């Protein structure tokens, strides 16, 4: 048997992982997270049960892909921002660019699905924690040792808290499914409040 080139094998793995994640989210949206099993996801994705567990530990684990993709894209966008751009402006611009990601809407929906589901909430929190470590490293590299560790940790924690607050507000305002552009606006608005020191409240 002729082996596939490494690039093709890796792409096939990524495609399979993505197909499983999409199947998990589609089933969770249709039936609710509590009614979805690994076997159902495998059947929906047209893979074997064994293949499912080669990629994910549980149904909840399969739903972390959208969140991880959103956060990874944001980190990459931040790293590409001009070095002389004010730090919070760079972060806001990076997260605004996530509107270009097809699964931003999916990421917001996961906040809705995690409500009342401790297992899904736990996996989502782990995904955010892993991203937090990457963002801390990216900020450290950008600042080049000119800020204390406390400053960086507090800043990144505040940024992620604002992003999560925006997603919660978006999901509560859109009980079924909302616009990714609206979610982007919520995220940018929340981070703009942080940048401006929460100088004033607004009802708009």
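Values as computed for the structure displayed
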{"read-out": "Residue 149 being surrounded by fewer than 17 Cβ atoms within 10 Å (Cβ to Cβ) and more than 21 Å from residue 82 (Cβ to Cβ)", "value": "yes"}
{"read-out": "Check on residue 154, without any contact (Cβ under 8 Å) to a residue 40 or more places away in the chain, farther than 22 Å from residue 34 by Cβ and buried (at least 22 other Cβ atoms within 10 Å of the Cβ)", "value": "no"}
{"read-out": "Criterion: within 22 Å of residue 82 (Cα to Cα), in a helix (DSSP H, G or I) and modelled with pLDDT of 90 or more - qualifying residue of 142, 134", "value": "142"}
{"read-out": "Pick from the stretch 95-118, criterion surrounded by fewer than 15 Cβ atoms within 10 Å (Cβ to Cβ) and on the phi < 0 side of the Ramachandran plot, ranking: modelled with the lowest pLDDT", "value": "102"}
{"read-out": "Helices (runs of 4 or more DSSP H) within the stretch 3-85 that include 3 or more residues loosely packed, with under 12 Cβ neighbours inside 10 Å", "value": "6-31"}
{"read-out": "Candidate set from the stretch 49-75 (those that are out of contact with any helix residue (DSSP H, G or I) (no Cβ under 6 Å at 6 or more places or on another chain) and free of Cβ contacts under 8 Å to residues at least 12 places away in the same chain); member that is nearest to residue 158 (Cα to Cα)", "value": "57"}
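The values are calculated or read from the model by the stated rules, or taken from the named source; none is laboratory data. In this text, all values refer to a predicted model and were calculated from it rather than measured experimentally. Counting neighbours? That spans all protein chains shown, and the Cβs are built from the backbone with ideal geometry, glycine included.
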